[in-house]
Structures are given as structure tokens and as C-alpha cells.
Amino acid sequence: MAVGSGCAAVWGCRRVLKRAFSLHNAHSVKGMEDALQLVRNIVPPLTAKKHKGQDGRVGVVGGCREDSPDAVHDVGKWLPRLHALVVGPGLGRDDVLLSNVKDILEASKARGIPIVIDADGLWLIAQQPALIQGYQKAVLTPNHVEFSRLSEAVLGDPLDGQDRRGAVLRLSQALGNVTVVQKGERDVISDGKQVLECSQEGSGRRCGGQGDLLSGSLGVLVHWALQAGPERTDGFSPLLVAAFGACTLTRQCSHQAFQKHGRSTTTTDMIAEVGPAFSRLFET
Ligand SMILES: NC(=O)C1=CN([C@@H]2O[C@H](COP(=O)(O)OP(=O)(O)OC[C@H]3O[C@@H](n4cnc5c(N)ncnc54)[C@H](OP(=O)(O)O)[C@@H]3O)[C@@H](O)[C@H]2O)[C@@H](O)CC1
Ligand SMILES: Nc1ncnc2c1ncn2[C@@H]1O[C@H](COP(=O)(O)OP(=O)(O)OP(=O)(O)O)[C@@H](O)[C@H]1O
Ligand SMILES: [Mg+2]
């Protein structure tokens, strides 16, 4: 469903939403459905009046090519045209490369570009948390190991595996309300104020690359959410709603792909499900 038509339903259930986001029933069926409605609200309508790029140009700093000596300058030329940046998937941990990424992060922050950080980008943040400290347009998407690494670097604590919600909330707060998405059996999301869980049914298949689908789709949704503004998300953080949407989409893709391919499912099979999964979840 597009922006306009989803709006009335969301305003109509404001009281329920407050409960759904702040209490332990955030992952109940009702809470999930309410949160999904907020995601539907940020999806821009398709109209004949737009030209390409108007619903977002997302840059990805990742992949496998070694940098040119002028990498930062080259990327800098693109930055003014980008609406969001995804940093880290498949990037590697080479010192020169990470030093370039550091400069790209600084340039993006100076321009107020939303940044999603995953994989080796998180490695860099664990070495230098100050790089992202207090930048509230950033979302970090750590898996279990990456989250432990970040927690130890930022909070100095060994991870309390029993209290995932508390751990994610504390990390987000310590980073100055940077949004954190801890991936796992349930995805736990916090902006340092509220905690949301995504328990959309996925699959038992744990093939590599699923995190890339999450961070990439999140790059798009972060832009859509910020563009839509807090009124569309009923006053909740746009980045929290975007993260919930990307987690739900990724898990639904996993679910659909697994139904077709079972144990042989790969992330490529999940990518083929993005369109149908998106329609099913967000265009009802
Ligand atoms: N498309 C591409 O090009 C992609 C490229 N990628 C690139 O690959 C590189 C390495 O990335 P990664 O994700 O394998 O490294 P990371 O998460 O540090 O795991 C290291 C070790 O931690 C463990 N472990 C992991 N998860 C766990 C869990 N939930 N719970 C418990 N343990 C867990 C596990 O250890 P094991 O169990 O095997 O002993 C694992 O081997 C990195 O450069 C990244 O950019 C990837 O992003 C994929 C897509
Ligand atoms: N135990 C699980 N059950 C269901 N879904 C899961 C589980 N663990 C992770 N996921 C889902 O898989 C997606 C990727 O999370 P994962 O933890 O595998 O990332 P990752 O290790 O960074 O992956 P990548 O191989 O791309 O680096 C997320 O959407 C998450 O919700
Ligand atoms: Mg990963």
C-alpha cells in the first residue's frame, strides 16, 4: 500500500503502536502488523511524474576491487548525488582501504548523508568508534560476532547473552543514539530510546550474503523513511521503522526462497524473491 492510503490506519491506531513499540509485546503478531503498517507508510508512491533516481540513489562502498590512489576523491564526486550510503559488505580489512573508508565516512557525515554500516565497515567502527559517535543518521547492522566486537570496544563489557534487548539499547545509547540492528534468530533494533524486535518467519538456512540483502535494502528504506519524515512514522524514529522494514523483507525473502529451494537455497535465490516479498508485505 502506498503512502497516502496507509496513513489513516496508522493514525487511527496510535495508542496501540505506542504499546507495540515500547513493551515486550513488540514481537507479537499485533505489534508486528502495526510496525509493518508504519513501513508501508514510508514507501513512496509510484507515479508518472517522477524521473529515475527520484526515489533514491544509494551508493555501496564494498566489493572486491582495490582502490585507486584517488579513491576518496573519486567517491567524493559521487557523494553530492547520493541519498544514502552502505559501507562494508565484502570490503576487506586492508589498512589503506579502511583509511579511505574513514575519509568517505567523514565526507558523508559532513553532507548529512544517511549511512548503513555492515561487515568490514563494522570492523573499522570497532577500531574507531569516534568515527560514528553521535551521528544519528547511521545504522549499524552487526551479526552476533560483530556485535560482541562492538560492545567490547564501546562499552568495555563482555556481552550479556541473556539480555539482548538491553545490550542493543546500551550500545546504541553509548554511541549517541546511532541505530543498531543486532541480527539473529530475532533481529533486535534500537535507537537508544526504543527497542523493537523483528521475528518475521525466515528459514533455518544460514547461507552467506543474507546480511548484504539486509544492508542494501536498508539503504533504500532509510532514505525513504527520512524523506517521509516522523509524521509518517507516527513520531517514531524513521531509522527504526526502516530497519524493521529491511529485517522483515530479508526474512520474508529467506522464507519464500526456502520454500522453493530448501537446503540448496542461496542468497541469489533470496534476491529473486525481493519483488514478490515486497509486494506481499508492503503493498497489500
Ligand atoms: N557478498 C560478499 O561478498 C560477502 C562478503 N563478506 C565478507 O566476508 C568476510 C568475513 O565476513 P563474515 O561475515 O564471515 O565474518 P564474521 O561475521 O566476522 O564471522 C567470522 C566468524 O565468526 C563466527 N560467526 C559468524 N556469525 C556467527 C554467529 N551468528 N554466531 C556464532 N559465531 C558466528 C564464525 O566462526 P566459526 O563458527 O566458523 O568458527 C565466522 O566464521 C568479510 O570481509 C565480509 O566483508 C560477508 O559479509 C558475506 C557476504
Ligand atoms: N537464527 C536465525 N533465524 C532466522 N533468521 C536469521 C537467523 N540468524 C540470522 N537471521 C537473518 O538472516 C539475515 C542475515 O543475518 P546474519 O546474522 O546471517 O548476517 P551475516 O552473518 O552478517 O550474513 P553475511 O553472510 O551476509 O555476512 C538477517 O535478516 C537475520 O534476520
Ligand atoms: Mg555480514
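Nothing in this text is a laboratory measurement; each read-out follows from the coordinates by a stated rule. A quick note: this is a predicted structure, and the numbers were derived from the prediction, not measured. Note that we place each Cβ from the backbone using ideal geometry, even for glycine, and neighbour counts take in every protein chain shown.
Taking the centroid of alpha carbons for each part, the range 35-86 and the range 195-212 are 23 Å apart. Sites listed here are trypsin sites (Lys or Arg not before Pro) in the range 198-284 whose DSSP assignment is loop and whose Cβ has at most 14 other Cβ atoms within 10 Å: 206. Restriction of the chymotrypsin sites (Phe, Trp or Tyr not before Pro) in the range 152-259 to DSSP coil positions whose beta-carbon has at most 12 other beta-carbons within 10 angstrom yields no sites. The equivalent ellipsoid of the range 59-158 has semi-axes of 22, 15, 11 Å, largest first, where each one is the square root of 5 times an eigenvalue of the Cα gyration tensor.
The gain in end-to-end length when the residue 74 to residue 259 segment is fully stretched comes to 62.3 nm, 0.36 nm per residue minus the alpha carbon separation.
Please work out how much length the chain gains when fully extended from residue 95 to residue 33, using 0.36 nm per residue of separation minus the C-alpha to C-alpha distance, in nm with one decimal.
Here the segment from residue 95 to residue 33 would lengthen by 17.9 nm.
Kirkwood Rh over Cα pairs of the range 101-238 into Stokes-Einstein at 25 °C, 0.890 mPa s: D in µm²/s? Answer from the Stokes-Einstein relation: 160 µm²/s.
Considering helices alone, the calculated mean residue ellipticity of the chain at 222 nm is -16000 deg cm²/dmol, with DSSP H runs of length four and up weighted by -39500 (n - 2.57) and normalised per residue. Inter-part distance, the range 95-111 to the range 124-177, computed on C-alpha centroids, equals 19 Å. FRET efficiency for the residue 81 to residue 271 pair, using the beta carbon distance and R₀ = 22 Å, is estimated at 0.35. Computed on the Cα trace of the range 171-234, the radius of gyration divided by the Kirkwood hydrodynamic radius gives Rg/Rh = 0.99.
Taking GluC sites (Glu not before Pro) as candidate sites, keep only those in a DSSP loop with at most 14 other Cβ atoms within 10 Å, then name the longest stretch of the chain containing none of them. Answer from the scan: 67-184.
In whole angstrom, the range 216-269 maps to an equivalent ellipsoid with semi-axes of 29, 10, 6, each derived as √(5λ) from the alpha carbon gyration tensor and ordered largest first. Measuring between alpha carbons in the structure, the pairs from 52/193; 52/260; 77/193; 102/183 lying more than 27 angstrom apart are 52/193; 52/260; 77/193. Hydropathy at least 0.0 by Kyte-Doolittle, axial extent at least 24 angstrom from the Cα trace: which helices of the chain, defined as entire DSSP H runs, fit? Span-like helices here: 210-228, 238-261. Amide hydrogen proximity for residue 92: with H placed 1.01 Å from N in the peptide plane, the residues at 5 or more positions away or on another chain lying under 5 Å are 120. The simple spin-label model puts a point 7 Å past each Cα toward its Cβ; for residue 283 and residue 133 those points are separated by 4.5 nm. When only the Cβ of Lys, Arg, Asp and Glu is charged (+1, +1, -1, -1), the dipole of the range 117-173 relative to its Cα centre reaches about 200 debye. Scaling the Cα radius of gyration of the chain by the globular reference 2.2 N^0.38 Å produces a ratio of 0.96. With Cα atoms as the point set, the range 31-98 shows a radius of gyration and Dmax of 17.1, 49 Å. Distance between the modelled labels on residue 66 and residue 185, one decimal in nanometres: 4.4 nm (7 Å Cα→Cβ projection). Short-range pairs are left out: with C-alpha atoms under 8 Å and at least six residues apart, the relative contact order of the chain is 19 percent.
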